[in-house]
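Student: Please read through the structure below; I'll follow up with questions.
The values are calculated or read from the model by the stated rules, or taken from the named source; none is laboratory data. Being a predicted model, the structure only gives us computed values, none of them experimental. As a convention, Cβ positions derive from the backbone with ideal geometry for all residues, glycine included, and neighbour counts pool all protein chains shown.
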Amino acid sequence: MMGVFIKRELPNFYDLLSRQMNITLDGIHELNVYLHDLSEDRYNKIIDLEKQADRVRVELIKALEETFITPFEREDIFRLSGDIDDIMDNIYEIAYTINIFRMEPREDDKEIIKIIMKSIEALNNAVEKLGTEVNDEQWDYLKEAKKCEKIAKAKYRRCIQKMIEEEEMNLLASVIKQRELYRSMRHLAEQVNLAADIVGRIKVKMI
């Protein structure tokens, strides 16, 4: 008697990456709100989103381990997922820094996060289009993500200079706290740029 073979459904890696990116987008939106509403509930929402993103990341890695055929190179899937995970981790790190130091976000802080939020929104759009044919719209999303990253880093440098010059920041403890926050924001912007580069590399290989 011949054995019965059940065809196993292949994981949808495009969907897994999109889910991971969607959670990350929710994360930056929550961080933006948190900067205006420093409630414990808002902070806990960011923690919960970071855990959700980790679960999707684990699911994706497990799928990679168990799947022989993938829609594009395994290394690129793993790398892009890792970069998205790093973005979410950095979002949490910023919220954690504000929470642990009991900081009151400055207007400059809020402006930087809004700029980074635009870059993550553009990156999310690019990731959602990952499984489609290459077109100009996708490149526009990636250009927007990278452009916002450059704007955020320029803003970061101006804020550091401003922080040093302001009399109210003369206390060493205040300077250290604020610099730590700005450093986390810079890392977040850089991580978005890295993820955008990976998406671009994947799309080039599809041409």
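Student: Filter segment 88-118 down to residues that are hydrophobic (A, V, I, L, M, F, W, C) and free of Cβ contacts under 8 Å to residues at least 12 places away in the same chain, then give me how many there are.
Tutor: So the count comes out to 1.
Student: Then there's this: Does at least one position in segment 30-46 carry a residue that is at pLDDT 95 or above, within 23 Å of V199 (Cα to Cα) and either assigned to a helix (DSSP H, G or I) or within 14 Å of the chain's Cα centre (by Cα) (or both)?
Tutor: There is no residue in segment 30-46 that is at pLDDT 95 or above, within 23 Å of V199 (Cα to Cα) and either assigned to a helix (DSSP H, G or I) or within 14 Å of the chain's Cα centre (by Cα) (or both).
Student: For segment 48-87, enumerate the residues that are part of a loop (DSSP other than H, G, I, E, B) and in contact (Cβ under 8 Å) with a residue 12 or more places away in the chain.
Tutor: Once the filter is applied, which keeps residues that are part of a loop (DSSP other than H, G, I, E, B) and in contact (Cβ under 8 Å) with a residue 12 or more places away in the chain, segment 48-87 yields T67, I69, T70, P71, F72, E73.
Student: Condition check: among the aliphatic types (A, V, I, L, M), touching a Cys at 6+ places or on another chain (Cβ under 9 Å), assigned to a helix (DSSP H, G or I) and buried (at least 18 other Cβ atoms within 10 Å of the Cβ). Does I120 satisfy that?
Tutor: In short, yes.
Student: Another question about this same structure. Do we have V127 as out of contact with any strand residue (DSSP E or B) (no Cβ under 7 Å at 6 or more places or on another chain), surrounded by fewer than 19 Cβ atoms within 10 Å (Cβ to Cβ) and assigned to a helix (DSSP H, G or I) here?
Tutor: No; evaluated as a whole, the condition is false for this residue.
Student: Regarding segment 145-159, can at least one residue be identified that is assigned to a helix (DSSP H, G or I) and more than 28 Å from N99 (Cα to Cα)?
Tutor: Scanning segment 145-159, I find at least one residue that is assigned to a helix (DSSP H, G or I) and more than 28 Å from N99 (Cα to Cα), so the answer is yes.
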